[in-house]
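The values are calculated or read from the model by the stated rules, or taken from the named source; none is laboratory data. What you see is a predicted model; the values in this text were computed from it and never measured. For neighbour counting, all protein chains shown are included, and Cβ atoms are generated from backbone atoms with ideal geometry for every residue, glycine included. Ligands, DNA and RNA are excluded from the accessible area calculation, which covers all protein heavy atoms including side chains. Shrake-Rupley method; radii C 1.70, N 1.55, O 1.52, S 1.80 Å.
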Amino acid sequence: MTASDTVEAVFKAVAASAPDVRDGLAGRRVYESTDNPTGDRQLAADVYADELLEERLLEIKRVGGYASEERESVIEAEAEGEYHVACDPLDGSSNLRSNNTMGTLVGVYEEPLPAAGRDLVASGFVLYGPITTMVTAREGTVTESVIGDDGTRRTVETDLTLPGAPTVYGFGGRVPQWSGEFAGYVETVAEELKLRYGGAMIGDVNQVLTYGGIFGYPGLEDRPEGKLRLLFEGHPIAHIVETAGGGSSDGERSLLESVPESLHERTPLFVGNEEYVDRLEAALSG
Ligand code: P6P
């Protein structure tokens with residue numbers, strides 16, 4: 001099985017799981033009695049999606065390990081494998097109770113986890129919106145597909161690139177918790193773009209991929225590292241947006257330059273048109 005075959009097998013398994021994840025949402029809107037390793041309360045849907053994806057991804061030849069935002073540590077495959085999958089099984093699951101978008105994120109690394117952003121060979125997300133779509137980045141190309149009820153993909157975009165005339169922005173965290181430098185930057189952005197913030201990163205980033213602009217979750221006064229996880233959210237989403245011709249940053253440099261010291265390390269996260277990422281880094285550098 002080549003590297004490309006392994007990546008295709010991962011994308012195929014994630015797409016095939018999407019109808020099952022989606023069908024399982026309605027009856028799993030209740031909270032478990034447990035939190036995930038970064039302290040988010042777990043919904044029954046989080047646990048269900050995680051267990052389903054772990055089983056299907058670890059079945060793939062050459063996948064040696066599975067790590068998830070919902071699990072403390074890496075789950076090793078029975079057989080050796082040189083590819084390692086990091087998964088956010090249901091990103092934005094708090095939107096389930098309000099019936100808004102959420103998604104599944106996956107990153108395929110060629111080194112054991114936690115690995116560097118440059119060790120990503122492929123990344124992708126499933127977006128559970130009015131229709132179920134999948135966006136994948138591999139070998140320099142971003143592809144968008146519609147996922148059918150049978151879990152197969154129908155390609156609708158073969159070389160997705162960020163629009164050159166950006167129109168939307170969205171930033172997380174409470175405004176009083178933003179730094180003065182960041183608040184000043186947002187003030188200029190708000191004069192140029194329209195606010196689009198839905199509370200689930202995949203839906204918000206897909207707005208940016210579709211209309212151009214910038215999404216971010218900054219470091220906060222009481223949480224300078226921010227909220228989002230580097231391995232499960234930062235690396236794959238940065239890989240997708242950079243492959244689509246955009247930029248990413250943790251406030252200083254590309255998220256793909258970051259090497260997490262721990263599996264669940266958090267990071268400030270910004271992705272979008274390079275113009276807005278560059279202006280952000282300039283604003284935060286004081
Ligand atoms: P807030 C969802 O919980 C998530 O991890 C991202 O998908 C999303 O961008 C962010 O947190 C939303 O955070 O503080 O706005 O609820």
Worksheet item: So which trypsin sites (Lys or Arg not before Pro) in the range 1-78 pass both tests, a DSSP loop state and at most 16 other Cβ atoms within 10 Å of the Cβ?
Response: Arg29, Lys61
Worksheet entry | Expected-Rg normalisation [2.2 N^0.38 Å, Cα atoms] applied to the range 1-137 | 1.01
Discussion item. How compact is the range 122-236 by the rule of thumb for globular proteins, expressed as Cα Rg over 2.2 N^0.38 Å?
Written reply: 1.18
Worksheet entry | Among Val241, Leu113, Ala86 the positive-end extreme of the charge dipole of the chain (Cβ point charges) | Val241
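Output the relative contact order of the chain, whole-number percent, from Cα pairs under 8 angstrom with separation of 6+ residues.
Numbers: 665 pairs, mean separation 45.1, N = 286.
Taking the mean separation of contacting Cα pairs over the length of the chain, I get 16 percent.
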Worksheet item: Relative to the first principal axis of the alpha-carbon coordinates of the chain, what is the inclination of helix 201-211, with its axis defined by its Cα atoms, in degrees from 0 to 90 and to the nearest 10?
Response: 70
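When a/c reaches 1.5 or more, the comparison of a/b and b/c decides; with that in mind, is the range 168-285 rounded, prolate or oblate per its Cα gyration tensor?
Values: a/c = 1.44, a/b = 1.11, b/c = 1.30.
Cα axes put the range 168-285 in the rounded bin.
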Worksheet item: What accessible area, in Å² to the nearest ten, does a 1.4 Å probe give for Tyr66?
Response: 0
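Per residue, how much space in cubic angstrom lies within the convex hull of the C-alpha atoms of the chain? Mind showing how you got there, number by number?
On the way: hull volume 34.1 nm³, N = 286.
Hull volume over Cα atoms, normalised by residue count, gives 119 Å³.
Counting only protein chains, not ligands or nucleic acids, how are Asp119, Asp50, Asp150 ordered by accessible area (probe 1.4 Å), most first?
Numbers: Asp119 40, Asp50 5, Asp150 110 Å².
Descending order: Asp150, Asp119, Asp50.
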Worksheet item: What angle, in degrees between 0 and 90 and rounded to the nearest 10, separates the Cα long axis of helix 3-23 from the longest principal axis of the Cα atoms of the chain?
Response: 90
Discussion item. Please report the accessible area of Asp35 (heavy atoms, 1.4 Å probe, ligands and nucleic acids excluded) in Å², nearest 10.
Written reply: 90
Fill in: In Å², nearest 10: area of Thr243 left accessible to a 1.4 Å probe
40
Worksheet item: By its C-alpha gyration tensor, with a ≥ b ≥ c as the square roots of the eigenvalues, how is the range 159-217 shaped: rounded for a/c under 1.5, else prolate for a/b larger than b/c, else oblate?
Response: oblate
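Tell me the mean residue ellipticity at 222 nm calculated for the chain from its helices only (DSSP H runs of n ≥ 4, each -39500 (n - 2.57), averaged over every residue, nearest 500). Don't jump to the answer; show the numbers that get you there.
Details: 6 runs with 80 residues, N = 286.
After summing the helix terms and dividing by the residues of the chain, the value is -9000 deg cm²/dmol.
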Item to complete: At most 16 other Cβ atoms within 10 Å and a DSSP loop assignment: could you name the trypsin sites (Lys or Arg not before Pro) in the range 219-286 that fit?
Response: Arg253
Worksheet, complete the sentence: Averaged per residue, the 1.4 Å probe accessible area of the range 3-157, protein heavy atoms only, in Å², is roughly 43
Discussion item. Can you compute log10 of I(q)/I(0) for the range 1-67 with the Debye formula, treating each Cα as one identical point scatterer, at q = 0.22, 0.23, 0.26, 0.27 Å⁻¹?
Written reply: -0.93, -0.97, -1.08, -1.12
Practice prompt. Once you've got the GNM for the chain with C-alpha springs shorter than 10 Å, pick whichever of Pro112, Pro236, Pro224 has the biggest mean-square fluctuation.
Written response: Pro224
Discussion item. Under 8 Å for C-alpha pairs, at least 6 residues apart: give me the relative contact order for the range 3-157, rounded to a whole percent.
Written reply: 18
